[in-house]
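The values are calculated or read from the model by the stated rules, or taken from the named source; none is laboratory data. This structure is a prediction, so every number in the text was calculated from the model and none was measured. So basically every Cβ, Gly included, is an ideal-geometry build from the backbone, and we count neighbours across all protein chains shown.
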Amino acid sequence: MYRYDRKGPKRGVALYSYSAEFGLTKNLEDCFEDVCDMGAHGIEILANTHIENYPYPTDEWVDRWFRLCDKYEIVPVEYGHWIDSHVLGGRELTTEESVEMLCRDLRLAHRLGFTVMRTKMPVINGALEPVENWREIISAALPLAEELGIVMCPEIHTPSNLKGKMVSEYVDFINKTGTKNFGLNIDFSVFRSRFGEGEWVDPQYKANEPEDIIPLLPYIYCCHAKFIHMSDDFEETTIPYPEIVKILQDHGWDGYLLSEYEGADKYDPGYEVGATLRKQHIMLKRLIGD
Amino acid sequence: MEREVIQSVGFRNIKENGEITGFRFKVRLPYYRGVYLSQLRPGTLFVDGEKIEKENIVWCLGGEDYTNEEMAVDFRTHWTPTDLAVLKVKKPGGLSQGYHHLKYGYCFTSSYMPPMMQESLDPDKENFVILPEFGHHVNERTLIIV
């Protein structure tokens, strides 16, 4: 299996970025090749989207998965999945049912060579707070995660704040349990400091400063390199990328920055998300120096 | 797979034991991730303006037929966006040769969002805010029966 041994921040792509094209004009191999063109070595998939016959892919599909990773020098970095507690309209899943769903994903992520999962907890309000039984669900899955060598990481995304209650509750949980199998994925939307004129901004949102990430670094196993607008001279105009990447390098953080493009314009006819991703990777390549 | 939710391939009458009992067409899932069957909210179909209730439509996924009641409680069968669903519509005699206008509403829950967002979902009406990532609830297309 392909290995990429570079230390420090490394480049990757979240295949979610291709959501407007996947299955229509691009298949999985097209996405891998696009990432390879960028010289990036990490990918994040969404299990429910990119795995054929999810959650029960055939052995043939899994063999093909590893062949694609080898051919395009790709490391399976992050397995995006959901704990779907609200999946039934009439009632919530019980803790046991949610744990069953989570353990099934842990096994499948391991089967595909992933070591980090972006574990999406079902939220209960606009502040994106997770279901009340999240500690029970995660605790029950920790032994299996440890056995398989996987870290489950909720994503911290705007309007959440790195200094907010939710993050401190996750960190408390990690410290109390002493687990190495639960951590964080920081989405760089939390650092967004510039908005377009007249653009709607969530009233709960307060931008984090790049240095706010420092105390959390020991718990961060992956980042979503969210970007909003790339200029034609390859700079991100809304998020202070040079400062963020420098902090990660100066503090010896080792992990993947997974590009994630979420702009609704990617659904416009003729839009090419590949071009947008490539522009961001020119910036990241320059900042990282790879 | 075509960009339109209602696909042109797969539109034909259903013949059972030499008799035409209805027709079928395929839809895609216009969402960035797959859904469990319990997340689906099937709505009403209009064919050339004639209303067909959802009770007369069976969803077929992965070769298996599901009634609305079966789908509502099935949170283990998953539909991936790269697969198409076949909708089988009961209509004795089927559809006549020529053009037909199909208008079909269906939607799905975003099961990780706050549950209160699920309650206002209506498959036959668009959401107040249309997000391209979630597609349209009501889709229309004119197709030909040969």
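Give the residue, chosen from B:CYS60, B:CYS107, that is of a type outside the set (Phe, Trp, Tyr) and away from chain A (no Cβ under 14 Å).
On the way: B:CYS107 fails: away from chain A (no Cβ under 14 Å).
Within the list B:CYS60, B:CYS107, the selection yields B:CYS60.
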Given (1) under 29 Å from B:LEU131 (Cβ atoms); (2) surrounded by 15 or more Cβ atoms within 10 Å (Cβ to Cβ); (3) touching a residue at least 40 places away in the same chain (Cβ under 8 Å), index of the condition B:SER8 fails: (2)
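What do you reckon, is A:VAL62 part of a helix (DSSP H, G or I), under 21 Å from A:ASN185 (Cα atoms) and more than 14 Å from chain B (Cβ to nearest Cβ)? Explain how you work it out, then say what you get.
Details: part of a helix (DSSP H, G or I): yes; under 21 Å from A:ASN185 (Cα atoms): no; more than 14 Å from chain B (Cβ to nearest Cβ): yes.
No: the conditions fail for A:VAL62.
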Filtering the range A:1-28 down to residues that are of a type in the set (D, E, K, R), over 20 Å from A:PRO269 (Cβ atoms) and either touching a residue at least 12 places away in the same chain (Cβ under 8 Å) or within 14 Å of chain B (Cβ to nearest Cβ) (or both) yields A:ARG3, A:ARG6, A:LYS7, A:LYS10, A:ARG11
Qualifying position, being surrounded by fewer than 21 Cβ atoms within 10 Å (Cβ to Cβ) and out of contact with any Lys or Arg (no Cβ under 8 Å at 6 or more places or on another chain), among A:LYS206, A:LYS285: A:LYS206
Check every one of the strands (runs of 3 or more DSSP E) wholly within the range B:50-124 and list those with 1 or more residues that are surrounded by 18 or more Cβ atoms within 10 Å (Cβ to Cβ). B:57-61, B:64-66, B:85-90, B:98-108
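Given B:LEU29, B:LEU40, which one is touching a residue at least 60 places away in the same chain (Cβ under 8 Å), within 11 Å of chain A (Cβ to nearest Cβ) and touching a Pro at 6+ places or on another chain (Cβ under 6 Å)? Steps first, please.
Values: B:LEU40 fails: touching a Pro at 6+ places or on another chain (Cβ under 6 Å).
Within the list B:LEU29, B:LEU40, the selection yields B:LEU29.
Yes/no matrix, rows are residues, columns are (1) buried (at least 19 other Cβ atoms within 10 Å of the Cβ); (2) at the interface with another protein chain (Cβ under 9 Å from one of its Cβ atoms); (3) over 21 Å from A:ARG11 (Cα atoms):
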residue	(1), (2), (3)
A:GLU33	no, no, no
A:ARG67	no, no, no
A:TYR79	yes, no, no
A:LEU88	yes, yes, yes
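If you take the residues in the range B:1-26 that are acidic (Asp, Glu) and in a loop (DSSP other than H, G, I, E, B), which one is nearest to the other protein chains (Cβ to nearest Cβ)?
Keep residues of the range B:1-26 that are acidic (Asp, Glu), which gives B:2, B:4, B:16, B:19.
Now narrow it down to the ones that are in a loop (DSSP other than H, G, I, E, B): B:2, B:4.
Working: B:GLU2: 8, B:GLU4: 10 Å.
My answer is B:GLU2.
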Can you tell me which residues in the range A:107-155 are charged (D, E, K, R) and either out of contact with any helix residue (DSSP H, G or I) (no Cβ under 8 Å at 6 or more places or on another chain) or more than 14 Å from every other protein chain (Cβ to nearest Cβ) (or both)? A:ARG107, A:ARG111, A:ARG118, A:LYS120, A:GLU132, A:ARG135, A:GLU136, A:GLU146, A:GLU147, A:GLU155
Taking the criterion of being free of Cβ contacts under 8 Å to residues at least 40 places away in the same chain, more than 9 Å from chain A (Cβ to nearest Cβ) and within 20 Å of B:GLU16 (Cβ to Cβ), would at least one residue in the range B:79-90 satisfy it? no
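Please find, within the range A:111-129, the residue that is nearest to A:SER85 (Cα to Cα) out of those that are under 12 Å from the mean Cα position of the chain (by Cα) and among the basic types (Lys, Arg). Lay out the reasoning, then the answer.
Pass one, the range A:111-129, residues under 12 Å from the mean Cα position of the chain (by Cα): A:116-120.
So of that shortlist, the ones also among the basic types (Lys, Arg) come out as A:118, A:120.
Numbers: A:ARG118: 16, A:LYS120: 10 Å.
Result: A:LYS120.
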Is at least one residue of the range A:19-39 in a helix (DSSP H, G or I) and of a type in the set (Ser, Thr, Tyr)? no
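Can you find a residue in the range A:86-107 that is touching a Phe, Trp or Tyr at 6+ places or on another chain (Cβ under 6 Å) and over 28 Å from B:SER120 (Cα atoms)?
Our first condition is that a residue be touching a Phe, Trp or Tyr at 6+ places or on another chain (Cβ under 6 Å); within the range A:86-107, this holds for A:87-88.
Checking the rest, the ones that are also over 28 Å from B:SER120 (Cα atoms) come to none.
Checked the range A:86-107: no residue is touching a Phe, Trp or Tyr at 6+ places or on another chain (Cβ under 6 Å) and over 28 Å from B:SER120 (Cα atoms).
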Can you run down the residue pairs with Cβ atoms below 7 Å, 6 or more apart or on separate chains, where the first is in the range B:121-137 and more than 15 Å from A:ASP265 (Cα to Cα) and the partner is among the β-branched types (Val, Ile, Thr) and in a loop (DSSP other than H, G, I, E, B)? B:LEU121/B:THR109; B:HIS136/B:ILE130
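To keep it simple, each residue is scored yes or no on (1) on the phi > 0 side of the Ramachandran plot; (2) in contact with a Pro (Cβ under 9 Å, 6 or more places away or on another chain); (3) at pLDDT 95 or above.
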| residue | (1), (2), (3) |
| --- | --- |
| A:VAL131 | no, yes, no |
| A:LEU142 | no, no, yes |
| A:ILE150 | no, no, yes |
| A:GLU155 | no, no, yes |
| A:TYR170 | no, yes, yes |
| A:LYS176 | no, no, yes |
